[in-house]
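Undergrad: Following this message is one structure expressed as structure tokens.
The values are calculated or read from the model by the stated rules, or taken from the named source; none is laboratory data. Note that this is a predicted model, so its numbers are computed, not measured. Every residue, glycine among them, receives a Cβ derived from its backbone with ideal geometry; neighbour counts consider all protein chains shown.
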Amino acid sequence: MPYDRAVQPPSRRRSWLIAVPAALLLAIALAWCGVWFYAASRAQTAMTGWLDREARAGRIYTCGSHTVGGFPFRIEVRCDKAAAELRALQPPLAITAPGILVAAQVWQPTLLISEFTGPLHVGDVNAAPELLVNWSLAQASVRGNPRRPERISIVMNDPVFDRTIGGTAARVAAGKHAELHARMADGAWDDRPVIDIALELSSVSAPALGPFFAAATDASADINLRGLKDFSPKPWSVRFREIQQSNGAIDVRTIRMRQSEWLATGSGRLGLTANGRLDGELRVTIAGLERLLQQLGVDYLSRPGSGSERAGAALDALDRIAPGLGAIAREKAAPSLAAGFAAMLGQPAEIEGRKAVSLPLRFVDGEAFLGPIRIGKTQSLF
């Protein structure tokens, strides 16, 4: 009977060709499991140490329960019934949220991504929450060491801020989208840091801040802060005082604001006076200047020395003919006259295909002037 090669038993060589790769894959899988569990243990230890350090500084963070998961490629720490007490603030502040998920890739442990479950309650410790914050999506990312981050980003979709007064909620602000990005541009976390801040807001309105902010507004800004002593946790009023005392500055690289009837862009540098008020100048370009002044409530004709006394006298005469008619005309005409006067002193320009005027926005110890027009006074920052 002839020898049949087709029914020959598999050779030992072929068995090794299958067994060696399988053994290697098993070894790699076991090694990866070891790496993941080691990284998860280190993450747990680092989080415990960070919570202890924060507690000693008066910032206490707690979870009703927490778990560590994400195997095999991520490390996830889930905190349910999250709470924080910021006892270093006066008065102490309490913050609670249903849950927080913090995740990092095993091969990129210096990038932490967090997702928050709303709503967020904010109020004084041992008192009912005064501020309620909700959203459809809220995420944050931190690159670098959690205690000395290199870059921080916060993104919110459909944010809503409500203040609770006597059990009744009043809308403070709402919008479609908000982003805040901050990064270390120069210096060190504990030695004269220079911070870049980028802000983007979409369809945000804040009726509680006044009529000007009641309309839906799109805004973006790119700002550089110089003059900080360090970036340890402290109120922003203290940080702004440090900027003033070190002769620092708020460099506005770009700022853009738009409502339905006007659009403004600008850039410049602002400082702070000894009493904490803005001092400096931005060069702004505005399309729809009349509408903007109308929203700001500028009543240019009522100001002595405005250069429009004749127009004011004519409107006074209307009041004598028909009481109240002059006041109505004054209210309607003032923004137009102010805009025309400002436009004459500014320079013609164009924004996104719209005719505009370019002129200075000056701050003199908190007093704000758009060209020659006084438009209000800013609050002290410390």
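Undergrad: Which of the residues spanning the range 112-126 are part of a strand (DSSP E or B) and surrounded by 14 or more Cβ atoms within 10 Å (Cβ to Cβ)?
TA: Correct list: 112, 113, 114, 115, 116, 117, 120, 121, 122, 123.
Undergrad: Quick one: how many residues across the range 235-247 are touching a residue at least 60 places away in the same chain (Cβ under 8 Å) and over 9 Å from residue 272 (Cα atoms)?
TA: The total comes to 4.
Undergrad: Checking residue 48 against (1) within 30 Å of residue 234 (Cα to Cα); (2) part of a strand (DSSP E or B), only one condition comes out false. Which one?
TA: (2)
Undergrad: Another question, then. Can you pull out every residue in the range 199-224 that is farther than 17 Å from residue 282 by Cβ and among the aliphatic types (A, V, I, L, M)?
TA: If the condition is that a residue be farther than 17 Å from residue 282 by Cβ and among the aliphatic types (A, V, I, L, M), then 201, 204, 206, 208, 209, 214, 215, 216 are the ones that fit.
Undergrad: Right, residue 196: buried (at least 16 other Cβ atoms within 10 Å of the Cβ), in contact with a strand residue (DSSP E or B) (Cβ under 9 Å, 6 or more places away or on another chain) and within 30 Å of residue 289 (Cβ to Cβ) or not?
TA: Here the answer is no, as residue 196 does not meet what is asked.
Undergrad: How about the range 235-261: which of its residues are surrounded by 12 or more Cβ atoms within 10 Å (Cβ to Cβ), more than 17 Å from the chain's Cα centre (by Cα) and not in a helix (DSSP H, G or I)?
TA: 246, 248, 249, 258, 259, 261
Undergrad: Out of 138, 83, 97, I need the residue that is within 20 Å of residue 52 (Cβ to Cβ), in a strand (DSSP E or B) and among the small types (Gly, Ala, Ser). Which one?
TA: Within the list 138, 83, 97, the selection yields 83.
Undergrad: Just one of 170, 178, 198 is touching a residue at least 12 places away in the same chain (Cβ under 8 Å) and over 25 Å from residue 267 (Cα atoms); which is it?
TA: 170
Undergrad: From the residues in the range 127-142 that are of a type outside the set (Gly, Ala, Ser), surrounded by 15 or more Cβ atoms within 10 Å (Cβ to Cβ) and closer than 26 Å to residue 74 by Cα, which one is nearest to the chain's Cα centre (by Cα)?
TA: The selected residue is 139.
Undergrad: Would it be correct to say that residue 78 is in contact with a Leu (Cβ under 6 Å, 6 or more places away or on another chain) and either more than 30 Å from residue 238 (Cα to Cα) or buried (at least 17 other Cβ atoms within 10 Å of the Cβ) (or both)?
TA: yes
Undergrad: Can you spot a residue in the range 44-61 that is modelled with pLDDT of 85 or more, farther than 21 Å from residue 145 by Cα and not hydroxyl-bearing (Ser, Thr, Tyr)?
TA: Looking through the range 44-61, none of the residues is modelled with pLDDT of 85 or more, farther than 21 Å from residue 145 by Cα and not hydroxyl-bearing (Ser, Thr, Tyr).
Undergrad: Between 354, 269, 283, which is modelled with pLDDT of 90 or more and touching a Pro at 6+ places or on another chain (Cβ under 9 Å)?
TA: Residue meeting the stated conditions: 283.
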